[in-house]
Amino acid sequence: MNRNVVIALIIAILAFGGYYYYSHQQQAAQEAAAMQKASDEAAAAKKAADDAAAKAAADAKAAADAAAAAASSTAAAATSAASAIAADLLDPAKFDADKLSAAIDASSLAADVKATLKSAVEAAKANPSMVQSAIDQVKKALGM
């Protein structure tokens, strides 16, 4: 063979080998970059999930604390309402509808509860056989 043909063949082989090597290196680098990006996205998603879980736990704790405070406040309100309504007013033998209605109005109970209790007291005023039932409703509302 001609010496020039051999040199051209060697150059062609080296060029093809260089191209082959270079193209595979680029592909490997692209795959590594894609894997790194996927890994970063997975880490970000995990962090977001952890943050969301922590926030949900904090919100649940805050809600539980608020519920406990509300329950405590309601119990305190019922206690103060109970102290506002003297034991004499809750004695069926000493039933006075007007005084009991005034005491219910002065209590710290919710307006709808007050209205229900006052209607029961008024019904007991009209029908003495309902006195015990009305007093029991007032005691229950006051937590007694």
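So, in the range 77-108, exactly how many residues are within 35 Å of the chain's Cα centre (by Cα) and modelled with pLDDT of 80 or more?
Adding up the residues that qualify gives 5.
Could you list all residues from the range 109-137 that are assigned to a loop (DSSP other than H, G, I, E, B) and within 38 Å of the chain's Cα centre (by Cα)? Explain how you work it out, then say what you get.
Taking the range 109-137 as the starting set, the residues that turn out to be assigned to a loop (DSSP other than H, G, I, E, B) are 109-110, 127.
Scanning the range 109-137 gives L109, A110.
The values are calculated or read from the model by the stated rules, or taken from the named source; none is laboratory data. Here the structure is a predicted model, which means the values were calculated and not measured.
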